[in-house]
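Here's the structure, in structure tokens; my notes come after.
Every number in this text was worked out from the coordinates using simple rules, so none of it is lab data. Everything numeric here is computed off the predicted structure, so don't read it as measured data. Note that we place each Cβ from the backbone using ideal geometry, even for glycine, and neighbour counts take in every protein chain shown.
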Protein chains: 2
Amino acid sequence: MKVVIVSIGDELLIGQVVNTNAAAMSQMLTASNFDVVRVVTISDKAEDIEECLRTSLQMADVVLITGGLGPTKDDITKHTLCRFFGAKLIEDAASLRNVEERFKVLGYEVTPVNRMQALVPDNCTVLLNKMGTAPGMWFDVDGKIVVSMPGVPDEMQYLMEQCVMPKLRSRLDNSEIVQTNVIFQGIGESFLSDLVEQWELALPKNIKVAYLPQAGMIKMRITATGTDRQAIERQLFAERDKLIAIAGQYVAGIDCQSMEECVAQKMLQHGTTLTSAESCTGGTIASRITRLPGASQYFKGGFVVYSNELKENILGVRHDTLETFGAVSEETVTQMAENARRRANADYAVATTGVAGPSGGTPQKPVGTVWIGVASAHKTVTRVLHLGNNRSRTVERTVNNVFMDLLKLVDEECGR
Amino acid sequence: MKVVIVSIGDELLIGQVVNTNAAAMSQMLTASNFDVVRVVTISDKAEDIEECLRTSLQMADVVLITGGLGPTKDDITKHTLCRFFGAKLIEDAASLRNVEERFKVLGYEVTPVNRMQALVPDNCTVLLNKMGTAPGMWFDVDGKIVVSMPGVPDEMQYLMEQCVMPKLRSRLDNSEIVQTNVIFQGIGESFLSDLVEQWELALPKNIKVAYLPQAGMIKMRITATGTDRQAIERQLFAERDKLIAIAGQYVAGIDCQSMEECVAQKMLQHGTTLTSAESCTGGTIASRITRLPGASQYFKGGFVVYSNELKENILGVRHDTLETFGAVSEETVTQMAENARRRANADYAVATTGVAGPSGGTPQKPVGTVWIGVASAHKTVTRVLHLGNNRSRTVERTVNNVFMDLLKLVDEECGR
């Protein structure tokens, strides 16, 4: 089935916001064998929305719209859809209850403007938005489907996952879809693709593979489609086992979305705890780990020892080590990891120290030189990375690399 | 002048790549007073490109195309543009020299396929691409402009900055543009817009305002256009002064891109230093501060005391405080801020402790309850926030709020 994604919002047209919604939706749709034929970003003007809806319905079976809802936008999308479909707005009881409950939690009064969020066209199926106040709206018209969702990423994501994708999938012939993903770290995309080429060529036709590379890691998504769910599950897992037999040394985790999820999985599996000692990554390790709900089960906290003064005073890195070897050295990262682990009373510690740039490089330690370390009660593993002169990319790659070394050490000590 | 951006590429339609090109181009265009009316992403099929070009030329004066060039794509865009304009491909000498020089540096032979990159439609002006091998192409047709560029971000960026934007700006009447922005925190968009309504209504016609809200802050961009650069600069700064006189209490900074840039500006202005003690924000304060190059000049480092154990052992929060008032309390956040400041030997400390959710809430302290604190040598300021049940938004808002409180305390103690 062909899909057009319509993103409404001036903030997109002026480039203030990057259209990550469209990419996230495309990924979900492609993974379920839908064919995204166009993505269109338009302003929140009624005539643009109408024109775009008309031409999109000519080229696709499904039109998914995000944005242009909410009281400050005067609910322009809702009014336009009403006019387009010849419908009228009615108050939806469940959506109103949802608005009221959400405002109660925040301690706010529900104003007449807020109450308008519960108005929906009378020809739509309401998709209850448990992440916000603007409901999703599903229209079945002349054999085609139009869905309107809020543009707030969390709300779109919730509605897509919980309501839209299940409903869309139920319209497909091969309605059963099973997916898995494998996170690889420490190997480039083209090398990985060479390594697993024979496996990929031999895959059955109903199994598809997508490479989704990010800074310092690759997510491989494997999708099986068919009519018998149990059969395609068996088939998919058998193929995944073959893949792991070939490229297992680069596998960070299975069915995770990120390296920190791989770490979470591993820590919870073994009941181990973690701390961090960061210099050049400046808190990004801790921030990425605590982004996941439930991180307090394995993460005790961490140290951001950006200055040498704090490396000494807070983490007890020896003054003569910093003098002799410098802050960016194997000796310093070793003491950072070992001392952090002891001070936080954790099973494992990860540590980073490097030159993120753009300045601070020397001929011996150019910008992008980073030492990483992982310590357990039994051993400390260190490694030097050379990551070039893009500050934010260096931080991301450092974090993904030190997470990989942590996973390997835990595997070694606790078993896979 | 109205602009449509056309992004060609299947990798965009399947969601493998986020369309950052379109956002970057939109920013450049908007900053120069061009009006981006639509962004369209299409596949690299000739019929899609032709149809999209036709409809885009109906709604805009300028169509900027990226992608679909390069030998692996069979130069589909080039062939399509030739057919569309009734042109034919000829070899461009300067582009061929560019290909040859680039390959020489890399030590490769120029193959016939590479040589084809120097072919261009005979009705275009060639834009020499010093970042790659595919030339940009500028078409002037019936008073409208069509430009085709490669989709590789660095190459697009180079061609936009060096060739396309200067040529486009030369077509404008008011070619001089001056911009400034003001960051507001602690006020919602609609309240701010009410507060400054009279100022906005009284603005001269050549000055435009855009509200760019993010989680817990608003960036207001003010743009003046005209022919005399010095005159519009004076005019712009006078209007900005009036704005600050009206809404100054909510102003976090001027000409910053983010709250952490406001903090950086203020710290550097007064030569003061900073540390952080984070529980619910889990390292995000430190991570955001160290994202900026040069953060080591004012940021000493920070403490991520996620567990109560670390709050006690690392930051010296008293056991009986945690027992009596709990980790999410004014008493705890006060000790976190004060003790962190002393232990890091910094002028200022910011601290956060709260229930980020989705679990961990109680009737007294529901999910989204956050205590923030700022400590100096002279005083400690605390505040409680109620931020709802979206984990990542709660973290972003907490960070922006505590940064604002820090800015206010520094203003109070050091002067603006």
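Brief remarks follow.
- Taken over the alpha carbons of the stretch B:266-414 as equal point scatterers, the Debye sum produces base-10 log I(q)/I(0) values at 0.09, 0.12 Å⁻¹ of -0.24, -0.43.
- The stretch B:168-210 and the stretch A:400-416 have Cα centres spaced 52 Å apart.
- Converting the Cα gyration tensor eigenvalues of the stretch A:7-47 into ellipsoid dimensions via √(5λ) gives semi-axes, longest first, of 22, 12, 6 Å.
- The protein assembly as shown: antiparallel DSSP beta bridges as a percent of all, rounded to 5: 65 percent
- Between 0 and 90°, nearest 10: helix A:330-344 axis offset from chain A longest Cα axis: 70 degrees
- 12 Å beta-carbon shell around B:R288, net charge (K/R +1, D/E -1): -3
- Other residues lying with their Cβ under 13 Å from the Cβ of B:L96 contribute a combined charge of 0, Lys and Arg counting +1, Asp and Glu -1.
- Whole-Hz ³J(HN,Hα) from phi, Karplus 6.51 cos²θ - 1.76 cosθ + 1.60, for the stretch A:58-66, glycine and proline x: 6, 9, 9, 8, 10, 10, 10, 10, 10
- Spatial separation of Cα centroids for the stretch B:67-146 and the stretch A:46-121, in angstrom: 46 Å
- Taking the fewest neighbouring Cβ atoms within 10 Å as the starting point, the ordered list for B:D75, A:D228 is A:D228, B:D75.
- DSSP bridge orientation in chain A - percent antiparallel, rounded to nearest 5: 60 percent
- Calculated over chain B, the projected area of the Cα convex hull averaged across directions stands at 25.5 nm².
- Couplings for the stretch A:380-394, taken from phi via the Karplus curve 6.51 cos²θ - 1.76 cosθ + 1.60 with θ = phi - 60°, read 10, 10, 10, 7, 9, 10, 10, 10, x, 10, 9, 3, 5, 5, 4 Hz in order; Gly and Pro are left as x.
- Placing a label point 7 Å from Cα along the Cα-to-Cβ axis, B:E11 is separated from the same position in the other copies by 2.8 nm, shortest listed first.
- Over the stretch B:241-348, the pair-distance histogram of Cα-Cα distances with 5 Å bins from zero comes to 2, 12, 19, 19, 15, 13, 10, 6, 2, 1, 0 percent, rounded to whole numbers.
- Trypsin sites (Lys or Arg not before Pro) lying in DSSP loop within the stretch A:187-292, provided at most 14 other Cβ fall within 10 Å: A:K205
- Tilt relative to chain A, helix A:76-85 - C-alpha long axis, 0 to 90 degrees, to 10: 40 degrees
- log10 of Debye I(q)/I(0), alpha-carbon scatterers only, for the stretch A:98-179 at 0.15, 0.22 Å⁻¹: -0.62, -1.08
- Nearest-ten-degree value, helix A:20-31 long axis tilted from longest Cα axis of chain A: 80 degrees
- Whole-angstrom Cα spans of the stretch A:205-266 along principal axes, big to small: 35, 22, 21
- B:I246-A:Q364 pseudo-label distance in nm [points 7 Å out on the Cα-to-Cβ vector]: 5.9 nm
- Volume per residue of the convex hull around the Cα atoms, evaluated for the stretch B:2-169, comes out as 107 Å³.
- Debye intensity ratio in log₁₀ form over the Cα atoms of the stretch B:336-416, taken at each q of 0.15, 0.19, 0.20 Å⁻¹: -0.55, -0.79, -0.84
- Considering the protein assembly as shown, its Cα convex hull presents a mean projected area of 36.9 nm².
- Among beta bridges from DSSP that stay inside the stretch A:259-414, the antiparallel ones total about 55%.
- Label point 7 Å beyond Cα along the C-beta direction, distances from A:R318 to other copies (nm, shortest first): 3.8
- Ranking of B:W138, B:W371 by count of other Cβ atoms within 10 Å, fewest first: B:W138, B:W371
- The stretch A:36-127: projected area of the alpha-carbon convex hull, averaged over directions, in nm²: 6.7 nm²
- Relative contact order of the stretch A:259-414, defined on C-alpha pairs under 8 angstrom at six or more residues apart (%): 24 percent
- Using a 7 Å Cα-to-Cβ projection, B:E47 label spacings across copies, nm, ascending: 3.0
- Distance between the C-alpha centres of the stretch B:351-386 and the stretch A:312-326: 34 Å, rounded to the whole angstrom.
- Every pair of different Cα atoms in the stretch A:6-77 enters the Kirkwood calculation, which places the hydrodynamic radius at 12.8 Å.
- Ranking of A:Y211, A:Y348, B:Y158 by count of other Cβ atoms within 10 Å, fewest first: A:Y211, B:Y158, A:Y348
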